[in-house]
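Have a look at the structure below, then the notes.
The values are calculated or read from the model by the stated rules, or taken from the named source; none is laboratory data. It should be emphasised that the depicted structure is a prediction, and the values quoted were computed from it without experimental measurement. Note: ideal-geometry Cβ built from the backbone for every residue, glycine included; neighbour counts use all protein chains shown.
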Amino acid sequence: MNAPPVPPLLTSLWNETRKAAAGLVFAQTCALCHAEGAGPSVPALCDDCVRSLPRLVDPCCRVCGEWFVGNIHGPFRCTNCADRRFAFEFAIAPFRARAGLRDLIHQFKYQRQLWLAESLGRLLAQAVCGPHADPRLAADDRWVLVPVPLHPRRLREREFNQALELATTASRQTGLPVVDALRRIRYTTGQASLTRHDRLENLRDAFRIRRSWPWSRGGLSRELEGRWVLLVDDVFTTGATMDACARIIRRKTGATRIAALTLARG
Ligand SMILES: [Zn+2]
Ligand SMILES: [Zn+2]
């Protein structure tokens, strides 16, 4: 039997309290090298560790964002994308899921280090504003941040949705609103071990548009009318999850553009 859902306001108050308390304890040392004096721009990391993060630089596929080695000039579409059509226009990630950043994401998600949300969200926001911003996300107030949802059962296991936490920090940094418009109705396990076909099958009909109130018709789909949706998650691997989210938004809302933003590219 399912446990009754925790009211979202209480969950978010509890998570904010945990973040504040943990921040007081951890703020003085770098989460990667444990040196004293974490930096002001990314509170959990010292300046050296920020500089050593594996930044994703061109040449990258203009659709899936995969990074390539070699002499490639100008925009290109990689061979992985040539034989498939994603429901989103393009995917952007400021970093590769390697070395220190992979450790940080792991601490954040699986060791429940919620206090890292502030730092990781700021790193995510670098794709939208600042010197490393991607020109395709140039400041435009039509963009809204839509976090990839967790299934309620997974949310109870993890206690927070990493995508919503990242989007909330990125919203403070960029001024773009967060619309928590999706819900996940299929509990999926072990996506990584599945073939591409089974992964897509597993995600078929996994998402729905959330209703803002039980009696509201159309729910949050109306809030996305005419908006540009930026789906947010921590890591982009095959794109199957982002594609499934983009598909339901395309079918059920009036959003006019859909793109994907993750902290890292797997
Ligand atoms: Zn450090
Ligand atoms: Zn590609």
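Identify all residues within the range 231-246 that are of a type outside the set (A, V, I, L, M, F, W, C), part of a helix (DSSP H, G or I) and touching a strand residue (DSSP E or B) at 6+ places or on another chain (Cβ under 8 Å); write none if there are none.
Thr241 - this is the single residue of the range 231-246 that is of a type outside the set (A, V, I, L, M, F, W, C), part of a helix (DSSP H, G or I) and touching a strand residue (DSSP E or B) at 6+ places or on another chain (Cβ under 8 Å).
Taking the range 45-58 as the range and being more than 9 Å from ligand 1 (Cβ to nearest atom) and either at pLDDT 90 or above or under 17 Å from the mean Cα position of the chain (by Cα) (or both) as the test, the residues that pass are Arg51, Leu53, Pro54, Arg55, Leu56. Criterion applied to Arg156, Arg84 was being part of a helix (DSSP H, G or I), among the basic types (Lys, Arg) and surrounded by fewer than 21 Cβ atoms within 10 Å (Cβ to Cβ), and the one residue passing it is Arg156. The set of residues in the range 40-76 being under 22 Å from Val232 (Cα atoms) and within 15 Å of ligand 2 (Cβ to nearest atom) consists of Leu56, Asp58, Cys60, Cys61, Arg62, Val63, Cys64, Gly65, Glu66, Trp67.
Applying the condition of being more than 8 Å from ligand 1 (Cβ to nearest atom) and part of a loop (DSSP other than H, G, I, E, B) to the range 30-44 and asking which residue is farthest from Arg96 (Cα to Cα) yields Gly37.
The residue pairs whose first member lies in the range 110-128 and is touching a residue at least 60 places away in the same chain (Cβ under 8 Å), whose second member is acidic (Asp, Glu), and whose beta carbons are closer than 6 Å, counting only pairs six or more residues apart or on different chains, are Ala117/Glu165; Ala127/Asp134.
Annotation note: Cβ proximity below 8 Å between a residue of the range 219-246 that is touching a residue at least 24 places away in the same chain (Cβ under 8 Å) and a residue that is assigned to a helix (DSSP H, G or I) and among the charged types (D, E, K, R) (sequence gap 6+ or interchain) occurs for Ser221/Lys252; Asp234/Lys109; Thr238/Arg196; Thr238/Arg199; Ala240/Arg196; Ala240/Arg199.
How many residues are exposed (fewer than 13 other Cβ atoms within 10 Å of the Cβ) and either at pLDDT 85 or above or of a type in the set (A, V, I, L, M, F, W, C) (or both) if we restrict to the range 34-44? Final tally of qualifying residues: 2. Among residues of the range 35-63 that are more than 14 Å from Pro94 (Cβ to Cβ), those with a Cβ under 8 angstrom from a residue that is within 16 Å of ligand 2 (Cβ to nearest atom) and among the β-branched types (Val, Ile, Thr), sequence gap 6+ or separate chain, pair up as Pro59/Ile72. The set of residues in the range 114-135 that are more than 16 Å from ligand 2 (Cβ to nearest atom), surrounded by fewer than 21 Cβ atoms within 10 Å (Cβ to Cβ) and assigned to a loop (DSSP other than H, G, I, E, B) comprises Cys129, Gly130, Pro131, His132, Ala133. Of the residues screened, Arg85 is one that is closer than 14 Å to Asp243 by Cα and of a type in the set (Lys, Arg). When Pro7 is tested against the conditions (1) modelled with pLDDT of 70 or more; (2) more than 16 Å from ligand 2 (Cβ to nearest atom), the lone failure is (1).
One line per residue, one yes/no per condition, for (1) within 17 Å of His132 (Cα to Cα); (2) aliphatic (A, V, I, L, M):
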residue: Cys46; (1), (2): no, no
residue: Arg55; (1), (2): yes, no
residue: Asp58; (1), (2): yes, no
residue: Val63; (1), (2): no, yes
residue: Trp67; (1), (2): yes, no
residue: Asn71; (1), (2): no, no
residue: Gly74; (1), (2): no, no
residue: Cys78; (1), (2): no, no
residue: Asp83; (1), (2): no, no
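Within the range 87-113, if we keep just the residues that are assigned to a loop (DSSP other than H, G, I, E, B) and within 14 Å of ligand 2 (Cβ to nearest atom), the residue that is surrounded by the most Cβ atoms within 10 Å (Cβ to Cβ) turns out to be Ala93.
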